[in-house]
Amino acid sequence: MDQLKFAIIHSLDKEANSNVATVRLAQAKLDIASVTVVSLAEQLSKLVGKDGSSVFWGQFGNDNRQGKFPSAVRSLAEEETLDAFVTASHVAMSELQRKAKEENFATGGYVCFLVYASQASTFLLVAMIKERGALTLTADLVPTEIKEIDLSKLHQAARVNLDRYSQALQIGEAANSATAAEDDGETLEKTYLCFINRKSQKADVASYFVEALGCEKGVSSGRTTKALIHAVRAFVRTNSETKDLAKIVRRAVIDYLHAQPDGSTITIASVVNVVRHSLGPELASSAEGLAEYLQGDDIQIPAEFSVSASALDAMTRIRATTALWNLSFDDAALGLQDSEIVYNPDAHTLLFTKLPNDTVRRVEAALAERQSELPDNSVIS
């Protein structure tokens with residue numbers, strides 16, 4: 001976090017197995033110069049993508065069921081003022097209260113709202129923290145003591161990249177089309193919103209929070225598949241000890257994705273395990289931080305996702321077609337020497353070194369047939 005701009009804490013009071021939920025609103029914003037407030041903001045902002053969390057990407061809904069929060073965030077994105085921020089926090093609490101009453105297992109907590117700048121982007125973070133063991137607050141909901149905030153103390157959270165959301169609004173797109181239609185498995189725009197909860201969190205509890213804030217899960221499987229392969233290779237190449245293994249690691253991930261049944265769900269944890277294994281026991285620790293990198297705002301790989309067979313195929317197969325022939329092969333077979341398919345960069349030619357026996361027989365039969373049709377002493381050139 002580079003700069004904390006606004007901060008406020010409200011409280012949602014609700015017991016599990018109850019349909020009664022009440023809200024306590026703070027009467028004033030928090031002092032962003034306070035060491036305690038800044039510490040809280042820094043700890044919360046670092047939880048996105050941490051090991052032990054599940055991160056899902058998406059966007060605001062636009063189906064008349066998303067509630068009032070997306071509109072409040074739109075006002076904040078269009079004009080980043082304290083009034084717009086406080087209004088958005090009040091709207092969110094009202095929606096959380098409404099949804100919490102409908103969810104039997106939902107429990108309350110402190111709800112922290114932050115607007116902060118990080119790496120040239122501005123974010124709105126809404127994080128619900130357990131009331132016990134994390135914060136000590138005054139009666140006015142001002143923090144006086146903060147114990148370490150980790151995922152065990154987090155109910156769930158949502159984070160909006162206000163800059164990306166503004167861009168989506170400026171180009172006239174509806175909020176729910178940030179993950180636009182696929183073109184050959186590629187999404188035209190990245191999403192601007194992610195939500196985070198503990199991996200052990202009940203899905204129904206997490207869903208009430210997501211629904212209250214008007215969010216929809218969804219990232220193109222095509223974009224995710226391509227981004228994953230590119231990102232894993234880039235991550236391995238940034239380490240001087242592993243950069244020479246980038247090709248091997250990339251291939252291992254591709255082979256793993258290829259081996260999964262069509263429509264199956266892949267997890268980031270399983271991809272990290274593949275990378276560790278392909279790096280070998282001596283360098284396996286170099287995969288530390290990969291999950292957080294993949295789930296970050298730049299890469300946006302969800303904790304779980306479906307593989308796009310068409311995107312995977314587009315990334316790994318080389319095709320060529322003329323009027324007389326067509327060619328398709330996996331790029332793993334290609335090399336400049338000692339490969340099944342050898343490319344000559346000077347002559348711009350391909351040499352196939354390991355033709356299947358059936359292909360050899362058919363080629364020789366075709367040539368023999370053509371030879372028999374020629375006049376005596378003629379040779380096929």
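The values are calculated or read from the model by the stated rules, or taken from the named source; none is laboratory data. All of these numbers come straight from a predicted model, not from anything done at the bench. A quick note on method: Cβ atoms are made from the backbone with ideal geometry, for glycine too, and the neighbour counts reach across all protein chains shown.
What the table shows:
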{"read-out": "Residue check, Met93 in the same structural domain as Lys46 (by TED's automatic domain parsing) and in a strand (DSSP E or B)", "value": "no"}
{"read-out": "Selected residue (criterion: nearest to Thr122 (Cα to Cα)) from residues of segment 11-22 that are surrounded by 19 or more Cβ atoms within 10 Å (Cβ to Cβ) and within 32 Å of the chain's Cα centre (by Cα)", "value": "Leu12"}
{"read-out": "Hits in segment 260-282 - residues which are within 17 Å of Arg237 (Cα to Cα) and not hydroxyl-bearing (Ser, Thr, Tyr)", "value": "Val271, Val272, Val274, Val275, Arg276, His277, Leu279, Gly280, Glu282"}
{"read-out": "Candidate set: segment 1-22, residues that are part of a loop (DSSP other than H, G, I, E, B) and among the polar types (S, T, N, Q); chosen: the one modelled with the lowest pLDDT", "value": "Asn17"}
{"read-out": "Residue match in segment 136-156 (condition: small (Gly, Ala, Ser) and either over 25 Å from Tyr208 (Cα atoms) or assigned to a loop (DSSP other than H, G, I, E, B) (or both))", "value": "yes"}
{"read-out": "Of the criteria (1) farther than 25 Å from Val48 by Cβ; (2) free of Cβ contacts under 8 Å to residues at least 60 places away in the same chain; (3) out of contact with any strand residue (DSSP E or B) (no Cβ under 8 Å at 6 or more places or on another chain), which one Arg251 fails", "value": "(2)"}
{"read-out": "All positions within segment 23-40 that are loosely packed, with under 12 Cβ neighbours inside 10 Å and either part of a strand (DSSP E or B) or not hydrophobic (A, V, I, L, M, F, W, C) (or both)", "value": "Gln27"}
{"read-out": "Residue list for segment 291-318, restricted to those being of a type in the set (A, V, I, L, M) and in a strand (DSSP E or B)", "value": "Ile318"}
{"read-out": "Neighbours by Cβ (under 7 Å, 6+ apart or cross-chain): first from segment 71-84, in contact (Cβ under 8 Å) with a residue 12 or more places away in the chain; second charged (D, E, K, R)", "value": "Leu82/Lys29"}
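So that you can scan it fast, the table gives a plain yes or no per residue for (1) of a type in the set (D, E, K, R); (2) under 16 Å from Phe6 (Cβ atoms):
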| site | (1), (2) |
| --- | --- |
| Ser75 | no, yes |
| Glu102 | yes, no |
| Gly108 | no, no |
| Gln119 | no, no |
| Leu125 | no, yes |
| Leu137 | no, no |
| His155 | no, no |
| Ser166 | no, no |
| Leu169 | no, no |
